[in-house]
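**Q** Below: one structure in structure tokens.
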Amino acid sequence: MKPVAATKKLRKFDPKTFLSTIDGGRKIVAFPKKRSIFVQGDSSDAVFYVQEGKVRLTVVSQVGKEATIGILNEGAFFGEGCLTGQRLRLCSATALTDCSVMRIEKKTMTEVLHQEHEFSDLFVAYLLTRNIRYEEDLVDQLFNSSEKRLARVLLLLAHFGKDGKPEVAIPKISQETLAEMVGTTRSRVSFFMNRFRTLGFIDYDTESGLQVHSSLLNIVLHD
């Protein structure tokens, strides 16, 4: 009788497990609201993944003017510029709410992208989706009114359309931040926010934060 060779059980890679467990080159860090994750000009040596909460990305010009370039939700990657040879951070990342963020060292991220096709597919799909979003932002900025741009920003902040329902967007988001993202003045944002609330498109108070309703799509879709 021939000896039966022992079969080696292959380990199946799970991206969700990889992005939620601590191991070599990976650690989970909790950031309270308003705490800096990294600052523009810092060494670029890791990729970050938002497990919980929201992260605000900003840039500061040479004359000291700050602009918000993005609000990231759960499931977003950021800081991936290090993978393309970027040595210094080109923007700052700050916890907009209490956050749980995974920090993945550049070497570890590079290795898993090369070795695990399922993870690389997930990562590339995220980058492509975000690139489409940036193109849409540019078109929005060039051709749409400030009222439509504000409505679109609110829908995006509320994660509207994901899983079929809106959620509370961001507690206590300032009108100055919204104005930076829309590319208009705070007074115009205040005017449109009051109008949206009067029309029943949004609700907000000091406790529950900002609630965006699907009816706000009427502003975006209206010619």
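The values are calculated or read from the model by the stated rules, or taken from the named source; none is laboratory data. As the structure is a computational prediction, the values presented were derived from the model and not from experiment. Heads up, the Cβs are rebuilt from the backbone with ideal geometry, glycines too, and the neighbour counts pull from every protein chain shown. The area values use the complete protein model at the heavy-atom level, side chains included, leaving out ligands, DNA and RNA. Shrake-Rupley method; radii C 1.70, N 1.55, O 1.52, S 1.80 Å.
**Q** Scan the stretch 48-62 residue by residue and report those that are surrounded by 19 or more Cβ atoms within 10 Å (Cβ to Cβ) and of a type outside the set (D, E, K, R).
**A** Phe48, Tyr49, Val50, Gly53, Val55, Leu57
**Q** Taking Met109 as the residue in question, decide whether it is at pLDDT 95 or above, in a helix (DSSP H, G or I), surrounded by 17 or more Cβ atoms within 10 Å (Cβ to Cβ) and among the aliphatic types (A, V, I, L, M).
**A** Criteria met by Met109.
**Q** Filter the stretch 128-168 down to the residues that are modelled with pLDDT under 85 and of a type in the set (Lys, Arg) and list them by number.
**A** Hits for the stretch 128-168 are Lys162, Lys165.
**Q** Tell me, which residue of the stretch 48-75 that is over 16 Å from the mean Cα position of the chain (by Cα) and β-branched (Val, Ile, Thr) is farthest from Glu136 (Cα to Cα)?
**A** Val63
**Q** What are the residues in the stretch 74-102 that are out of contact with any Asp or Glu (no Cβ under 7 Å at 6 or more places or on another chain), open to solvent by 20 Å² or more (accessible area, probe 1.4 Å) and either in a helix (DSSP H, G or I) or within 17 Å of Ala158 (Cα to Cα) (or both), if any?
**A** Scanning the stretch 74-102 gives Gly75, Glu80, Leu83, Thr84, Leu96, Thr97, Asp98.
**Q** Here's another thing I want to ask about it. Looking at the stretch 61-71, can you tell me whether even one residue there is basic (Lys, Arg), modelled with pLDDT under 95, assigned to a loop (DSSP other than H, G, I, E, B) and out of contact with any Ser or Thr (no Cβ under 8 Å at 6 or more places or on another chain)?
**A** yes
**Q** Out of (1) open to solvent by less than 80 Å² (accessible area, probe 1.4 Å); (2) within 30 Å of Thr185 (Cβ to Cβ), what's the single condition that is false for Lys65?
**A** With respect to (1) open to solvent by less than 80 Å² (accessible area, probe 1.4 Å); (2) within 30 Å of Thr185 (Cβ to Cβ), Lys65 is out only on (1).
**Q** Next question. Condition test on Asp45, is it closer than 17 Å to Glu180 by Cα, over 13 Å from the mean Cα position of the chain (by Cα) and open to solvent by 30 Å² or more (accessible area, probe 1.4 Å)?
**A** When the stated conditions are applied, Asp45 does not pass them.
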